[in-house]
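In what follows, a single structure is set out as structure tokens and then discussed.
Please treat every number below as a calculation from the coordinates, not as lab data. These numbers come from a predicted model, not from an experiment. Methodologically, a virtual Cβ is constructed for each residue, glycine included, from the backbone with ideal geometry; neighbour enumeration extends over all protein chains shown.
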Amino acid sequence: MTDLGGWRTEAPVTEELKDICLQVKPDIEKEVQTNFHFYITKSFKLQVVGGINYLVKVHVGEDVCVHAMIFQDFHKNLTVTGVEYPKTLSEPLVPF
């Protein structure tokens, strides 16, 4: 458990998080100006604020990942607020 506003420990993905990542895939692809044919969500951290910030690691091929920050408001609207790409599979999720 963490303090309100703190980042929780990195965890394996849930079905809900897989769905969230698929919904924002076009936004992530637009941000990095490429289309991902391979797109598997691997892990995530979350932060409860005025909604939920998700920091996710998505495997996009070979040893390449994208780290994406996704904000979900209380109405379940999703916004990609940041993307780091390329990253390796072994790089930890670090809030940015």
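Observations, loosely collected:
- Summed over qualifying helices (DSSP H, 4 residues or more, each -39500 (n - 2.57)) and divided by its residue number, the chain shows a 222 nm mean residue ellipticity of -6500 deg cm²/dmol.
- Across the chain, the mean sequence separation of Cα contacts (distance under 8 Å, 6 or more residues apart), normalised by length, yields a relative contact order of 24 percent.
- When peptides 78-91, 35-48 are sorted by average Cβ neighbour count within 10 Å, with the highest value leading, the order is 35-48, 78-91.
- Fewest-first ordering of Glu15, Glu29 by other beta carbons within 10 Å of each residue's beta carbon gives Glu15, Glu29.
- Spin-label pair Gln33/His75, simplified geometry with 7 Å Cα→Cβ offset, distance in nm: 3.3
- Counted charge near Asn35, where neighbours are those whose Cβ lies closer than 11 Å (Asp, Glu -1; Lys, Arg +1): +1
- Note, ³J(HN,Hα) from phi for segment 21-33, Karplus 6.51, -1.76, 1.60, rounded to Hz, x at Gly and Pro: 5, 5, 5, 9, 3, x, 5, 5, 4, 5, 4, 9, 6
- Proximal lysine pairs, segment 11-88, alpha carbons under 14 Å, eight or more residues apart or interchain: 8
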